[in-house]
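In what follows, a single structure is set out as structure tokens and then discussed.
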Amino acid sequence: MSCNLRNLLAFLMLGCNLGTATVHAQDNLDGVWEVNSVIDDGHMLSARVIRETLFKDARLSIQGQIILFTAPDGNARMRTFVTDSRSSPKSFDLAGADKVGSKGIYLLDQDNLIICLSGNDSRPRPSAFASREGQDNVLISLQRGKGGAAPSARSSTPPAVIQPPPPPRKNDEEIRKMLVGTWGHQDDSAIQRMTLNPDGTFSATQQFKRGLKKVLDEEGRASGRWAVKDGQVVLTMTANYDARLVGQIFSYTITSLSATEVMYTNNQTGARRVEWRIR
């Protein structure tokens, strides 16, 4: 088994930290998908290997930004992803790009879906739907079923589609307590971290990866105050490496929150992203 397949398998089984792409528009990927083929670094995996190492029954379910599947050990798994259907090719990123190199692209043609993922975080996002030896890419081909069902975590008999857990019903104070700590994510250009303090202050850093900003600034810093109002996080910027942002107010609607992960929508731009708890 090659290194990038082990990385993909580790991510699917264990999960990782940080890393998503912003979402401007989404195709409808909902449904139960049959895994037709997996090509790992130029090598076609047999149906048996797919079922024994990746997806039991070679099936998975997509609902919104959640992937649900049954692992070969029989346990149900859930992973999040983000897409951008305005990019060319369209991007498909599994949460965890900093560890697994899960930056990818996708192509949707009615009920046929092709996903190509980079198997190494040091490599750029794939630019074509190909997995040749030495590229370190994983190419997955899927077909959406007609009224099929997702595999069960306890039985090989297909039941109804696995449903994701309902969104948490928390009041503002509960949300605020859960958010206290340090969170972060990264994309192709920067690594961002934000610490939300119990006293209502926050501090943030942005470490640039490339370009003139990396040469000149290397790391940007910001600070201010934060609060939770009606399920939204409101940030008031009091200091920022970009002076134009001082005094600005930003708000984010939380769509999913757990002890280790938060998914939200930027109310100013409509972009979505996932952040992971660092500490």
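The values are calculated or read from the model by the stated rules, or taken from the named source; none is laboratory data. Values in this document were obtained by computation on a predicted structure and should not be read as measured data. Positions of Cβ are generated from backbone atoms using ideal geometry, with glycine treated the same way; all protein chains shown enter the neighbour counts.
Some notes on this structure:
- When Ser37 is tested against (1) in contact (Cβ under 8 Å) with a residue 60 or more places away in the chain; (2) under 19 Å from Glu261 (Cα atoms), just one condition goes unmet, and that condition is (2).
- Yes/no for Leu60 being modelled with pLDDT of 85 or more, in contact with a strand residue (DSSP E or B) (Cβ under 8 Å, 6 or more places away or on another chain) and assigned to a loop (DSSP other than H, G, I, E, B): no
- Restricting the range 187-207 to residues that are among the small types (Gly, Ala, Ser) and modelled with pLDDT of 90 or more, the residue that is surrounded by the fewest Cβ atoms within 10 Å (Cβ to Cβ): Gly200
- Among the candidates Val246, Val233, residue that is crowded, with 16+ Cβ neighbours inside 10 Å and either hydrophobic (A, V, I, L, M, F, W, C) or more than 27 Å from the chain's Cα centre (by Cα) (or both): Val233
- Tabulated pairs, the range 262-278, first crowded, with 17+ Cβ neighbours inside 10 Å, second of a type in the set (Phe, Trp, Tyr) and not in a loop (DSSP other than H, G, I, E, B), C-beta under 6 angstrom, 6+ apart or interchain: Tyr264/Tyr252; Glu275/Trp183; Arg277/Trp183
- Answer residue from the range 103-151, given it is at pLDDT 85 or above and hydroxyl-bearing (Ser, Thr, Tyr) and is nearest to the chain's Cα centre (by Cα) among those: Tyr106
- So Gly19, is it modelled with pLDDT of 80 or more, over 20 Å from Ile114 (Cα atoms), assigned to a loop (DSSP other than H, G, I, E, B) and assigned by TED's automatic domain parsing to the domain that holds Ser102: no
- Residue within the range 155-169 that is more than 30 Å from Ala71 (Cβ to Cβ), of a type outside the set (Asp, Glu), modelled with pLDDT under 65 and outside the structural domain of Ile115 (by TED's automatic domain parsing) present: no
- Of the numbered criteria (1) modelled with pLDDT of 85 or more; (2) surrounded by fewer than 23 Cβ atoms within 10 Å (Cβ to Cβ); (3) among the β-branched types (Val, Ile, Thr); (4) more than 18 Å from Val38 (Cβ to Cβ), the one Thr83 fails is (2).
- In the condition set (1) in contact (Cβ under 8 Å) with a residue 40 or more places away in the chain; (2) of a type outside the set (Lys, Arg); (3) in contact with an Asp or Glu (Cβ under 8 Å, 6 or more places away or on another chain), Tyr241 is compliant with all but (1).
- One residue stands out in the range 86-98 among those that are in contact with an Asp or Glu (Cβ under 7 Å, 6 or more places away or on another chain) and modelled with pLDDT of 85 or more: the one that is farthest from Gln186 (Cα to Cα), namely Lys90.
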